[in-house]
Amino acid sequence: MEEILAIILSQLLEAGIKYTIKKKVDEVGNNITQLIQLFDDDADGVIDREELIYTIESLIPDLSADYCIVNKGDEIGIGFPELRIVDNTDMADMLDEVIVGNNNGVIVDGDTYVPLPFDTTGDGVNDWGKIVDADDNGIPDAASEAPFYPVGSDGYNQIIQSGRSDEKSFIIVSAEGTVSIYDPNGDLTEEDYNQAYTLWLKDNAALDKPFKNYSVTEALLLIVALFAGVSLIGKLFKRRIY
């Protein structure tokens, strides 16, 4: 999950697409992290609307991986998450509750905990670390004492590109029809492109798209079409005077 997110963030930056990351609770009560594209349609510096790009059900950092997605202030990048040590005994009591998680860790009452490879209390059992997310955006805060590489930096690009022969290919089509393609292994086919466009067209067809999401060009074309239709109907039903 983090590998895909890291690549997507890099592609968005290259395409000049504005985005943000938000944490929310889905309809069944699970924490999810959403990558949101931001639109400033009238270029006045104020965000007019948002479009969902990517969803992660539970962003639990994998401490055994080459990197973790973290944020430092308003910047998102690669680094090591800030942790608060939790004794194994205290963690054992929490694990009796209903939890969700995966091999990387667990989520208890909205907080994320990951197993640590060391014992700080001297009881012979490895402790746990509580992930710090002070801004509550679903992305761990970066540890201040560890290196941090913002999206687009040389360090960031080197890390996500090094030794990645099994990278996944993907296509992102924004609400405006802008296409971002990542295909390092040449796996994508014309059928994949056509399917991506079909799915985009299904959600963004002019007749189905909410008017507030229309681009300036689409809105003007719609207005012209409406006036043309009214004019035609008026001519058809206009009473002729002899």
(message) When you scan region 58-68, do you find a residue that is among the small types (Gly, Ala, Ser) and in contact with a Gly (Cβ under 9 Å, 6 or more places away or on another chain), even just one?
(response) yes
(request) Give the residues of region 66-110 that are among the basic types (Lys, Arg) and farther than 22 Å from Lys22 by Cα, sorted by residue number. (result) Arg84
(message) Can you tell me which residue is modelled with the lowest pLDDT among those in region 113-155 that are among the aromatic types (Phe, Trp, Tyr) and farther than 16 Å from Ile69 by Cα?
(response) Phe118
(request) Would you please name the residue that is farthest from the chain's Cα centre (by Cα), looking only at residues in region 77-111 that are charged (D, E, K, R) and within 23 Å of Glu2 (Cα to Cα)? (result) Arg84
(request) Would you mention how many residues in region 48-66 are charged (D, E, K, R) and closer than 21 Å to Ile107 by Cα? (result) 2
(request) Could you give me the residue pairs with C-beta distances under 9 Å whose first residue belongs to region 109-122 and is touching a residue at least 24 places away in the same chain (Cβ under 8 Å), whose second residue is open to solvent by 70 Å² or more (accessible area, probe 1.4 Å) and among the aliphatic types (A, V, I, L, M) wherever it lies, and which are 6+ apart or on separate chains? (result) Gly110/Val25; Leu116/Ile85; Thr120/Ile85; Thr121/Ile85
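The values are calculated or read from the model by the stated rules, or taken from the named source; none is laboratory data. Treat the numbers as computed from the prediction; the structure is a model and nothing was measured. In this analysis, Cβ positions are derived from the backbone assuming ideal geometry, glycine residues included, and neighbour counts consider all displayed protein chains. Side chains included, ligands, DNA and RNA excluded: accessible areas come from the protein's heavy atoms. Shrake-Rupley method; radii C 1.70, N 1.55, O 1.52, S 1.80 Å.
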